Amino acid sequence: MKYPVYLVIFLVLSMAPPLYASGGPSGGGFSQQQPMKKLTPEEKALASYQRGLKHRDKAAKFEQKAVDENDEKKFAKLQKKSTKEYEKAIDDFEKAISYYSTFSQAHGSLGYALRKVNRYDESLAAYNESLRINPSYHEAVEYRGEAYLGLNRLDEAKAAYMDLFQSNRPLADELMVAMNSWVAGRRDDASTLDVEIVEQFAKWVDERSRLASYLHPLDDSAQVRWAASN
Amino acid sequence: MEKVQLGRRLFYDNRLSVNGLGSCSTCHLQHLAFTDGRPHAIGVTGESHARSSMSLINVAYNSNFTWASRRLQTLEQQIAIPLFNEQPVELGMAGRETVLVADLQADSTYARLFQSAFPQSDDHVSIDNVIKALASFVRSIIAADSAFDRLLYLDDQSALSESALRGMRLFFSEKLNCSACHQGQNFAGGQYVQGKLQEPTEFHNTGLYNVGGHNRYPEADPGLRSESRQSDDDGRFRAPSLRNIAVTAPYMHDGSISTLSGVIDHYAAGGRSVDNGQNAGIGSANSRKSELLTGFELSSVEKNDLLSFLNSLTDHSALEEQRFSKPEDDR
């Protein structure tokens with residue numbers, strides 16, 4: 001029998017707080033006095049998912065430290081640590097999905113972690129699955145748009161933007177920030193893509209930014225949110 | 001859905017007028033984007049309204065209603081005015097409430113529709129429910145399939161002509177600054193988007209009048225001043241939606257400019273001069289005129305471009321869409 005995720009979250013967090021307050025089963029949350037409770041697949045999925053989130057957050061911290069690091073060796077070391085944490089997160093998210101296959105957030109988070117280690121094709125597959133399960137999970141549309149950018153699949157990135165422009169303007173603005181960043185990056189390093197293609201896309205990005213601002217000003221916080229998630 | 005269906009029928013029903021000679025649809029004609037083509041609306045007894053009928057398309061997003069009111073913040077409040085207003089009489093139903101309710105109750109189609117739309121009400125047919133149903137129908141009149149929408153929402157690069165694209169840039173330029181007042185998805189003042197007040201509810205004196213050089217609009221309609229009693233509000237009106245503007249002539253709150261070209265000339269000049277008659281005066285010199293109206297210069301090509309863009313805001317499908325028209329079985 002499958003339970004809605006929100007119900008699992010409620011039950012787990014409200015009925016068994018010591019389990020997660022102490023970091024989950026691997027964190028030694030069970031005391032010898034407590035009777036061992038057999039976890040349902042949904043609870044196991046949630047526990048794995050939460051461990052994955054912790055690894056993901058840890059990875060992001062290393063990543064941020066790397067950005068702030070001027071020493072090349074230290075930078076490389078921090079990048080390596082970050083990648084390692086993302087890989088651990090991937091393992092946990094995959095484990096969560098193995099327990100609970102329709103856990104859309106887990107698929108979405110898996111897509112994110114895979115994207116961070118440049119496994120774009122797998123990342124796209126994870127986002128697609130997340131959206132198949134929950135089509136209104138707009139965040140996954142944005143994440144997927146960024147994955148398309150990573151794969152230079154520009155028409156699909158544009159389609160993701162247009163989808164968000166109608167359904168979730170703040171996320172559309174966030175993807176637009178990513179698009180501008182992509183353009184800047186490709187202009188700096190045009191070796192992977194035809195200059196003309198980059199400039200055509202840059203023109204589209206400019207025009208769409210202008211059109212969006214006509215409707216109402218671009219969301220200033222989009223830059224901050226995008227930077228935080230990248 | 002049931003409320004919308006009921007409201008649609010009521011919207012076109014002449015029983016909602018004192019003499020059976022008109023309905024909401026008399027002053028809100030679908031093919032004119034629910035305006036009536038007149039400078040001033042005419043009530044069912046022949047009385048002239050001081051103002052021009054406003055379009056009903058996309059008014060669901062409005063934060064306030066009519067040409068100049070801060071108080072009217074819901075469609076339900078607004079709809080009571082044409083129904084019961086006595087100065088001037090519009091539909092003239094004041095004092096006829098009981099008769100109207102009895103008429104509708106006696107009609108088996110209405111009895112069924114009211115029951116289905118308001119199953120929880122003790123009295124299914126009531127004036128309150130008439131107003132609620134009308135408001136529901138009017139809220140359903142949403143149109144967003146103009147050429148501009150196809151560019152904006154569908155990324156259709158061929159939706160706008162080159163001229164309209166140039167006009168769009170002019171419209172949003174600092175030089176013309178049209179979008180300072182005609183903002184957001186409806187190109188209007190005061191509107192909600194996804195539950196948030198997106199554009200401020202502001203009222204503007206556009207320098208149409210300066211009667212006798214006294215910085216006043218005609219007493220017949222001093223705009224927001226008639227509600228607030230504040231002299232600073234003299235001549236201030238809300239910026240109406242520009243959606244479907246090409247089919248909603250004549251323009252301005254009193255229909256005093258007959259063409260869109262004339263409207264552009266008015267704004268280019270930073271106001272209007274009325275040479276003769278009781279309203280004579282130099283509107284552009286009205287001290288209460290909005291600071292946003294500074295005037296601008298446009299070449300004839302630029303003016304045509306701007307007109308092309310304004311024409312691109314018409315959703316032609318909404319002007320004939322069946323779900324907004326008089327119900328088939330009521331014709």
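The values are calculated or read from the model by the stated rules, or taken from the named source; none is laboratory data. Just so it is clear, the model here is predicted, and its values are computed rather than measured. Cβ sites come from the backbone with ideal geometry, for glycine too, and all protein chains shown count toward neighbours.
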Practice item. Just one of (1) in contact (Cβ under 8 Å) with a residue 40 or more places away in the chain; (2) over 22 Å from B:Pro240 (Cα atoms) trips up B:Arg51, so point out which. Key: (2)
Practice item. Only residues that are surrounded by 19 or more Cβ atoms within 10 Å (Cβ to Cβ) and not in a loop (DSSP other than H, G, I, E, B): list them for the stretch B:211-246, please. Key: B:Val211, B:Gly223, B:Arg225, B:Asp233, B:Arg236, B:Phe237, B:Arg238, B:Ile245
**Study point:** Scan of the stretch B:142-173 for residues that are in a helix (DSSP H, G or I) and within 11 Å of chain A (Cβ to nearest Cβ), ordered by number
**Key:** B:Phe148, B:Asp149, B:Leu151, B:Leu152, B:Tyr153, B:Leu154, B:Leu165, B:Met168, B:Arg169, B:Phe171
Practice item. Of all residues in the stretch B:58-78, count the ones that are buried (at least 18 other Cβ atoms within 10 Å of the Cβ), in a helix (DSSP H, G or I) and out of contact with any helix residue (DSSP H, G or I) (no Cβ under 6 Å at 6 or more places or on another chain). Key: 3
Exercise for review: Please enumerate the residues belonging to the stretch B:1-41 that are out of contact with any helix residue (DSSP H, G or I) (no Cβ under 7 Å at 6 or more places or on another chain), under 20 Å from B:Phe84 (Cβ atoms) and either surrounded by fewer than 18 Cβ atoms within 10 Å (Cβ to Cβ) or among the basic types (Lys, Arg) (or both).
Suggested key: B:Asn14, B:Asn19
Study note, to complete from the structure: Conditions (1) among the charged types (D, E, K, R); (2) surrounded by 18 or more Cβ atoms within 10 Å (Cβ to Cβ); (3) within 14 Å of chain A (Cβ to nearest Cβ) -> B:Lys132 fails only (3)
Practice item. Would you check which residues across the stretch A:99-130 are more than 25 Å from A:Glu43 (Cα to Cα) and part of a helix (DSSP H, G or I) and list them? Key: A:Arg115, A:Lys116, A:Tyr120, A:Asp121, A:Glu122, A:Leu124
Revision key, fill the gap. For the stretch B:1-32, the count of residues that are within 19 Å of B:Ser256 (Cβ to Cβ) and out of contact with any strand residue (DSSP E or B) (no Cβ under 8 Å at 6 or more places or on another chain) equals 1
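For (1) on the phi < 0 side of the Ramachandran plot; (2) modelled with pLDDT of 95 or more, each residue gets a yes or a no:
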site	(1), (2)
B:Glu174	yes, no
B:His182	yes, no
B:Asn186	yes, no
B:Gly212	no, no
B:Asn215	no, yes
B:Thr248	yes, yes
B:His253	yes, yes
B:Leu260	yes, yes
Study note, to complete from the structure: Filtering the stretch B:102-140 down to residues that are out of contact with any Gly (no Cβ under 7 Å at 6 or more places or on another chain) and of a type in the set (S, T, N, Q) yields B:Gln105, B:Ser108, B:Thr109, B:Gln115, B:Ser116, B:Gln120, B:Ser121, B:Ser126, B:Asn129, B:Ser140
**Study point:** Residue in the stretch B:118-137 that is closer than 21 Å to B:Asp315 by Cβ and either modelled with pLDDT of 95 or more or out of contact with any helix residue (DSSP H, G or I) (no Cβ under 9 Å at 6 or more places or on another chain) (or both) present
**Key:** yes
Review point. Pick from A:Gln50, A:Gln64, A:Gln33, A:Gln79: which is at pLDDT 50 or above and not assigned by TED's automatic domain parsing to the domain that holds A:His107?
Key: A:Gln33
